[in-house]
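The values are calculated or read from the model by the stated rules, or taken from the named source; none is laboratory data. Note that the structure is a prediction, hence the values are computed from the model and not measured. Ideal geometry is used to build each Cβ from the backbone, glycine not excepted, and the neighbour counts take in all protein chains shown.
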Amino acid sequence: MEKTSINIRQLTMLIFMFTVGSSILLTPAYITTVAKQDAWLAGIITLGAGLLAVYLFMQLAIGFPNQTIVQFTRKLMGKYIGTFFSFLYLFYLYILSGLILENMGFFMVSQIIPETPIIAIYTLFLFILLLALRYGVESVARTTELFFPSYCSVLIILILFVLPEVDLENIKPVVAEGVKPIIHGSLLFFSFPFCEISAFLIFTPQVHDQKKLAYAFLYGTFFGGLVLTILIFLSIAVLGPDITARSAYPTYLLAQKVNIGNFLTRVEALIAIIWLIGLFIKLFITLHAVVIGLKQLLSLKSQKTLTFPLSFLLISFTLLMIPSQMYIQSVNLHYFWLFEITLGFFYPLVLWILFQFRKRSSKQGGG
């Protein structure tokens, strides 16, 4: 493990920006596609479930204060089975890294610079990411502190200035199609982004004050999930469920509604900027977690030998894995959320159960 340290405040900000991350533009459309005008109800339900999942992650981090999820998986499951499941979990994070890179590329091509080849955007973004990977999580955490006030200010401006456009008729009728679509929407929201927060179990050994991990995990997740739930509600209440579901980036459309006396306009440009910042932090966390995890599994002295090849292999991986935006939207809605819940929630849950059995056995043995 690299000898770096981050404090609780920095971890809280990282978790908050990771949670909002790519979800700020994508989640309203995904949830509304299945839950329609009741997507905001799915958001409220999932916020509570997400906090329970994060509480589970927190318990594992506290139970193994100096170990990553890769290390305590091998300790709980044994060397060979633990290595297999660790590789599987790191592969999940690598797929997630490719999806994050795809989110950034397709957004830039469709909304900002349509004439630019997407591979050029991927390459430029990864060059910047390589610098971050070189300097490590401590430097990124400090950079997050620098951007955090501006990041939150833009979110507050968007929420406050869109409120006058709310039409409560758009959220009616409530539960018109029963609870099944709401449950489906809740599962989608639970997988993206709450299950993904398990990636921080790679970084918890680097946190300076282990006793306050609960503060960082719960506060970062709660406020991040709350922002997303509010944006889901505003997207439906302002744009309507049909437009929200059909739009690739409903929050971006929502920002275009802001017009204060023809003076404060074009807020969508600020939304694009903070989204790219959130994407960068999220991609750094997932890819850096893969690098650290593989270093530990392969017993390498330095992670630098993995950083460059894994970063640029990600470009080819993303291009092959995701041929089009329509394809990945369909996969996310129907299949990938199951994969995320399996490895992002049930896998840590199994580890927690094994940990409880281990504690009980040690107590009985001591008695």
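May I ask you to list the residues in region 94-110 that are hydroxyl-bearing (Ser, Thr, Tyr) and more than 17 Å from Ala120 (Cβ to Cβ)? Can you show your working first?
Start the filter on region 94-110 by keeping residues that are hydroxyl-bearing (Ser, Thr, Tyr), which leaves 94, 97, 110.
Matches in region 94-110: Tyr94, Ser97.
Given the criterion aliphatic (A, V, I, L, M), touching a Leu at 6+ places or on another chain (Cβ under 7 Å) and at pLDDT below 95, identify the matching residue among Val174, Val154, Val137. Let's see the steps before the verdict.
Values: Val174 fails: touching a Leu at 6+ places or on another chain (Cβ under 7 Å); Val137 fails: touching a Leu at 6+ places or on another chain (Cβ under 7 Å).
Going through Val174, Val154, Val137 in turn, the sole match is Val154.
Go through region 230-260 and report how many residues are β-branched (Val, Ile, Thr), closer than 27 Å to Leu14 by Cα and buried (at least 24 other Cβ atoms within 10 Å of the Cβ). Before you say what the answer is, go through the steps one by one.
Initially, region 230-260 is screened for residues β-branched (Val, Ile, Thr), giving 230, 232, 236, 238, 243-244, 251, 258, 260.
Checking which are closer than 27 Å to Leu14 by Cα leaves us with 230, 232, 251.
Keeping just the survivors that are buried (at least 24 other Cβ atoms within 10 Å of the Cβ) gives 232, 251.
Looking only at that region, the number is 2.
Pairs please, first residue from region 125-152 and among the hydroxyl-bearing types (Ser, Thr, Tyr) and surrounded by 13 or more Cβ atoms within 10 Å (Cβ to Cβ), second anywhere and at pLDDT 95 or above and assigned to a helix (DSSP H, G or I), Cβ atoms under 6 Å, 6+ apart in sequence or on different chains.
Thr144/Met13; Thr144/Leu14
What is the one condition in (1) in a helix (DSSP H, G or I); (2) of a type outside the set (Lys, Arg); (3) closer than 19 Å to Gly344 by Cα; (4) touching a Pro at 6+ places or on another chain (Cβ under 7 Å) that Gln67 does not satisfy?
(1)
Can you spot a residue in region 63-71 that is within 24 Å of Arg142 (Cβ to Cβ) and modelled with pLDDT under 95?
Yes, that holds for at least one residue.
Among the residues of region 27-42, is any in a helix (DSSP H, G or I), touching a Pro at 6+ places or on another chain (Cβ under 8 Å), surrounded by fewer than 22 Cβ atoms within 10 Å (Cβ to Cβ) and at positive phi?
Checked against the condition, which is being in a helix (DSSP H, G or I), touching a Pro at 6+ places or on another chain (Cβ under 8 Å), surrounded by fewer than 22 Cβ atoms within 10 Å (Cβ to Cβ) and at positive phi, region 27-42 yields at least one hit.
Could you list, in sequence order, all residues of region 125-167 that are outside any helix (DSSP H, G or I) and of a type outside the set (Gly, Ala, Ser)?
Going through region 125-167, the residues outside any helix (DSSP H, G or I) turn out to be 136, 166-167.
Within region 125-167, Val166, Asp167 qualify.
Given the conditions (1) crowded, with 21+ Cβ neighbours inside 10 Å; (2) modelled with pLDDT under 95, which single one is not true for Ser97?
(2)
Mind checking which residues of region 101-124 are in a helix (DSSP H, G or I) and among the aliphatic types (A, V, I, L, M)?
Residues of region 101-124 in a helix (DSSP H, G or I): 101-112, 118-124.
Across region 101-124, the qualifying residues are Leu101, Met104, Met108, Val109, Ile112, Ile118, Ile119, Ala120, Ile121, Leu124.
Tell me which of these Phe217 doesn't satisfy, since it passes every other one: (1) among the aromatic types (Phe, Trp, Tyr); (2) surrounded by fewer than 22 Cβ atoms within 10 Å (Cβ to Cβ); (3) modelled with pLDDT of 95 or more.
For Phe217, the exception is condition (2).
Condition first: of a type in the set (Ser, Thr, Tyr) and either at pLDDT below 95 or closer than 18 Å to Lys172 by Cβ (or both). Now tell me which residues in region 12-32 satisfy that.
Looking only at region 12-32, we keep the residues that are of a type in the set (Ser, Thr, Tyr), and these are 12, 19, 22-23, 27, 30, 32.
Listed by number, the residues that qualify are Ser22, Ser23, Thr27, Tyr30, Thr32.
Could you tell me how many of the residues in region 302-336 are under 24 Å from Leu25 (Cβ atoms), β-branched (Val, Ile, Thr), in a helix (DSSP H, G or I) and out of contact with any Leu (no Cβ under 6 Å at 6 or more places or on another chain)?
3
Just the residues that are closer than 20 Å to Ile8 by Cβ and assigned to a helix (DSSP H, G or I), please, taken from region 195-206. Spell out how you get there, then give the answer.
So the first thing to find is which residues in region 195-206 are closer than 20 Å to Ile8 by Cβ, and the list is 197-206.
Result: Ile197, Ser198, Ala199, Phe200, Leu201, Ile202, Thr204, Pro205, Gln206.
For region 321-337, does any single residue satisfy the condition of being modelled with pLDDT of 95 or more, buried (at least 18 other Cβ atoms within 10 Å of the Cβ) and under 30 Å from Ser139 (Cβ atoms)?
Looking for residues that are modelled with pLDDT of 95 or more, buried (at least 18 other Cβ atoms within 10 Å of the Cβ) and under 30 Å from Ser139 (Cβ atoms), one finds none in region 321-337, hence no.
Hey, any hits in region 43-59 for a residue that's touching a residue at least 60 places away in the same chain (Cβ under 8 Å), touching a Phe, Trp or Tyr at 6+ places or on another chain (Cβ under 7 Å) and over 30 Å from His184 (Cβ atoms)? Can you show your working first?
Residues of region 43-59 touching a residue at least 60 places away in the same chain (Cβ under 8 Å): 43-47, 49-51, 53-59.
Checking which are touching a Phe, Trp or Tyr at 6+ places or on another chain (Cβ under 7 Å) leaves us with 43, 46, 49-51, 53-54, 56-59.
With the extra rule that they be over 30 Å from His184 (Cβ atoms), the set shrinks to none.
The answer is no, given that none of the residues of region 43-59 is touching a residue at least 60 places away in the same chain (Cβ under 8 Å), touching a Phe, Trp or Tyr at 6+ places or on another chain (Cβ under 7 Å) and over 30 Å from His184 (Cβ atoms).
Condition (residue is aliphatic (A, V, I, L, M), within 30 Å of Ile182 (Cα to Cα) and in contact with a Ser or Thr (Cβ under 6 Å, 6 or more places away or on another chain)) applied to region 52-61: is it met by at least one residue?
Within region 52-61 (the criterion being aliphatic (A, V, I, L, M), within 30 Å of Ile182 (Cα to Cα) and in contact with a Ser or Thr (Cβ under 6 Å, 6 or more places away or on another chain)), the answer is yes, since at least one residue qualifies.
Going residue by residue through region 219-230, is there one that turns out to be under 19 Å from Gly63 (Cβ atoms) and in contact (Cβ under 8 Å) with a residue 60 or more places away in the chain? Don't jump to the end; show me each part of the working.
Of the residues in region 219-230, the ones under 19 Å from Gly63 (Cβ atoms) are 221.
Still in the list and also in contact (Cβ under 8 Å) with a residue 60 or more places away in the chain: 221.
Yes, region 219-230 has at least one match.
Just one of the numbered conditions (1) in a helix (DSSP H, G or I); (2) farther than 17 Å from Glu340 by Cβ; (3) touching a residue at least 40 places away in the same chain (Cβ under 8 Å) is not true of Gly98; which one?
(2)
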